[in-house]
Every structure is written in C-alpha cells, then in structure tokens.
Amino acid sequence: MAFDSSLAICICTRHRADDLRKALQSIADSPRRPDQVIVSDDGQDGRTSEAVVAEFPFAFYQRGPRIGLGANRNACLAVVKTAFVCFIDDDVVLPPSFVPLAYQLCEANAQRSPQPLVSGIEFKHVTPGEAPIRIEPHNADFWGFQRVKPTSELKAMVINSGIFPMELFRKAQFDPLLRYGSEEIDMIRHAYSLGYRVEFKPELWVDHYPSPVNRDEYASVVDASRMYTTAKDYLKYQKNFGRFLFFSIFAPLKLALALTRRYGLKGLTASIHATTLALQYGARSNS
C-alpha cells in the first residue's frame, strides 16, 4: 500500500519583497522541490510581491485576507493539496538539506496514525558577523512564555522548521483573530487536545534573518496574543476553570507591573492596550 508523503511549503508575506525573493530562491536552489509552493500576500498593494513570485514559475501567488497571520495561514491551507505542509516566514532561507530531509520525515510518518507534527530548529541571524542564535522549541510556562526546556513531552514547535500533517487541518485551523504571535503554540495546544504529538528533529533546520519591516506593529500585539491564547488553553483545551480564572485576574496585573517598571507610563499604557485587545479577542471568539 502506497502512503502519500507529498509536501507543500507555504509562505505568508507582507511588505517584504526582497526577503521573499531570497526565501523563494532558497527553494529554487534545493536539490528537490516541494510538490507545492504557495505564497499568500497580506500586503496592502500586492503588485510588488506578485512580481517577485512571477520570477519563480514553481510558486503559486494569492492575495491574503489582510486581517492577520492566523487568517493568512488558513488562506494557504485552503489551496494545499498535499499530505504534509511546512510554513516558513518570508525572511527565512532554507538550506539545501531542508526539503530532502523533510521528504524523508514525511515518508517515515505517512503510515503512522495519528501522524506526528515535527519541529526542527532555527538559526536566528540577529547581528551581521556574529554567530546566529540557536532557537529550539520550548514549552510554555504558566504565563504563556515559551521558555521551559522540555524534559518529557514537547508541547511547542519552531514553526519555521516544522512539518504539519494536513490531516490535522481537517479538524483544526489557525485562530483567525491572531494578527501576530502565539498562533503556532495555539495550534499545538489544539493538536494535543485532538491526540496529536510533536517530535523534535534537530537535523531539520532553517536560517532566519529577521526583517525590521512590520516589527513595531507586530510587537504591539504580541502580549495580547499570548494572554488570549493562554487563557484559551486553560478554558477550552485543558478545561481547567480554576487556572483560567487565576490567569485572567493576575496575568494583566503581572504585565502592567513588568512594563511599568521597564518603561514607566508608556509601559503601563502598553499593558492596558494589550489587556484590552486580549479581552476583545476573547469576546469575539465566544460570539
């Protein structure tokens, strides 16, 4: 019996045409091409990114929903036709080993049930001329910060070097309320509640060259995303109302104290904004 090990790579992009070109070129240079390469563009004017994608005949371009990364990831999934899928950011470069190794892992996992999620590592290039930072998946602590080194089960992943089975997305989708941040750990939590598990394969790796484009905007919603998805985990996936209630009361206070100490009144204002946005996410998700 033949098992489907086909693979798609999805790239969500926004206002980063030069970075996108490097990402696509790294796929073009791979000794093996994915079965699909999908670029979903959340930029306000798609013409520049569309022109870049046109340079690579193997890539499919579409306009994204332009409401955030969670919804844009779902827009990619809507056109995926393969058995497995990877998501990379538009400022990620794949080494030549990535796609061939990803196929080996897909072939090994195709006959398993349920098919596992796979996480590799990311080398984050922050300062030119200095060694990159090695990013491995870490589990979330009580407050939702991914900084707990796993000692048994891995409940997180580095999405830029991850492989998802498409069968998962017939049962779950990325949260469309999340404009940026925590959408991948929210998906992992959902996957765990459905019986899926994550396996760590450090030989699977990518290079990440963080673009400054969009960073300030993304930074303004990261804390809101973390608080909303952590509260959602306790209430929806773990079904632990006590944890949910404790977190909902004390997480905003903890954030306000931390940001006020660090930035003064500006930090307090930022914490209020984050809490308000998290509450808006929660209200919309329950409506």
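The values are calculated or read from the model by the stated rules, or taken from the named source; none is laboratory data. Keep in mind it's a predicted model, so treat the numbers as computed, not measured. Every residue, glycine as well, gets a Cβ built from its backbone with ideal geometry; the counts of neighbours run over all protein chains shown.
Failed condition for His15, given (1) assigned to a helix (DSSP H, G or I); (2) in contact with a Gly (Cβ under 6 Å, 6 or more places away or on another chain), with all others met?
(1)
Output the number of the condition that Leu105 fails; it satisfies all remaining conditions of (1) loosely packed, with under 14 Cβ neighbours inside 10 Å; (2) part of a helix (DSSP H, G or I); (3) not polar (S, T, N, Q).
For Leu105, the exception is condition (1).
Would you mind stating whether Cys76 is within 16 Å of the chain's Cα centre (by Cα), touching a residue at least 40 places away in the same chain (Cβ under 8 Å), within 20 Å of Leu117 (Cα to Cα) and assigned to a strand (DSSP E or B)?
Numbers: within 16 Å of the chain's Cα centre (by Cα): yes; touching a residue at least 40 places away in the same chain (Cβ under 8 Å): yes; within 20 Å of Leu117 (Cα to Cα): yes; assigned to a strand (DSSP E or B): no.
In short, no.
Within region 74-112, how many residues turn out to be touching a Pro at 6+ places or on another chain (Cβ under 9 Å) and within 30 Å of Tyr281 (Cβ to Cβ)?
Qualifying residue count for the region: 7.
Residue-by-condition table, conditions (1) more than 22 Å from Val39 (Cβ to Cβ); (2) surrounded by 15 or more Cβ atoms within 10 Å (Cβ to Cβ); (3) over 20 Å from the mean Cα position of the chain (by Cα):
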{"position": "Thr82", "(1), (2), (3)": "no, yes, no"}
{"position": "Asp90", "(1), (2), (3)": "no, yes, no"}
{"position": "Leu94", "(1), (2), (3)": "no, yes, no"}
{"position": "Ser97", "(1), (2), (3)": "yes, no, yes"}
{"position": "Pro100", "(1), (2), (3)": "no, no, yes"}
{"position": "Val126", "(1), (2), (3)": "yes, no, no"}
{"position": "Ala131", "(1), (2), (3)": "yes, no, yes"}
{"position": "Asn139", "(1), (2), (3)": "yes, yes, no"}
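Among Arg32, Arg21, which is the only one that is charged (D, E, K, R), over 23 Å from Ile185 (Cβ atoms) and in a loop (DSSP other than H, G, I, E, B)? So that I can check it myself, show each step before the final result.
Numbers: Arg21 fails: in a loop (DSSP other than H, G, I, E, B).
Just a single option satisfies the conditions, and that option is Arg32.
Of the conditions (1) crowded, with 21+ Cβ neighbours inside 10 Å; (2) within 24 Å of Ser271 (Cβ to Cβ); (3) of a type in the set (Phe, Trp, Tyr), Phe145 satisfies every one except a single condition; which number is it?
The one condition Phe145 does not meet is (1).
Being in contact with a helix residue (DSSP H, G or I) (Cβ under 6 Å, 6 or more places away or on another chain), assigned by TED's automatic domain parsing to the domain that holds Tyr196, touching a residue at least 24 places away in the same chain (Cβ under 8 Å) and assigned to a loop (DSSP other than H, G, I, E, B) narrows it down to one residue among Gln111, Gln115; which is it? So that I can check it myself, show each step before the final result.
On the way: Gln111 fails: in contact with a helix residue (DSSP H, G or I) (Cβ under 6 Å, 6 or more places away or on another chain).
None of the others qualify; the one that does is Gln115.
Could you check, for region 148-158, whether at least one of its residues is under 30 Å from Leu268 (Cα atoms), part of a strand (DSSP E or B) and modelled with pLDDT of 95 or more?
yes
Of the residues Ser182, Ser220, Ser285, Ser225, which is more than 30 Å from Leu105 (Cα to Cα), touching a residue at least 40 places away in the same chain (Cβ under 8 Å) and within 15 Å of the chain's Cα centre (by Cα)?
Details: Ser182 fails: more than 30 Å from Leu105 (Cα to Cα); Ser220 fails: within 15 Å of the chain's Cα centre (by Cα); Ser285 fails: within 15 Å of the chain's Cα centre (by Cα).
Going through Ser182, Ser220, Ser285, Ser225 in turn, just one is more than 30 Å from Leu105 (Cα to Cα), touching a residue at least 40 places away in the same chain (Cβ under 8 Å) and within 15 Å of the chain's Cα centre (by Cα): Ser225.
Residues Glu217, Glu203, Glu199: which one is assigned to a helix (DSSP H, G or I) and either at positive phi or not aliphatic (A, V, I, L, M) (or both)?
Working: Glu203 fails: assigned to a helix (DSSP H, G or I); Glu199 fails: assigned to a helix (DSSP H, G or I).
Of the residues listed, the single one that is assigned to a helix (DSSP H, G or I) and either at positive phi or not aliphatic (A, V, I, L, M) (or both) is Glu217.
Within region 50-79, how many residues turn out to be touching a Lys or Arg at 6+ places or on another chain (Cβ under 8 Å) and β-branched (Val, Ile, Thr)?
Within region 50-79, residues that are touching a Lys or Arg at 6+ places or on another chain (Cβ under 8 Å) and β-branched (Val, Ile, Thr) number 2.
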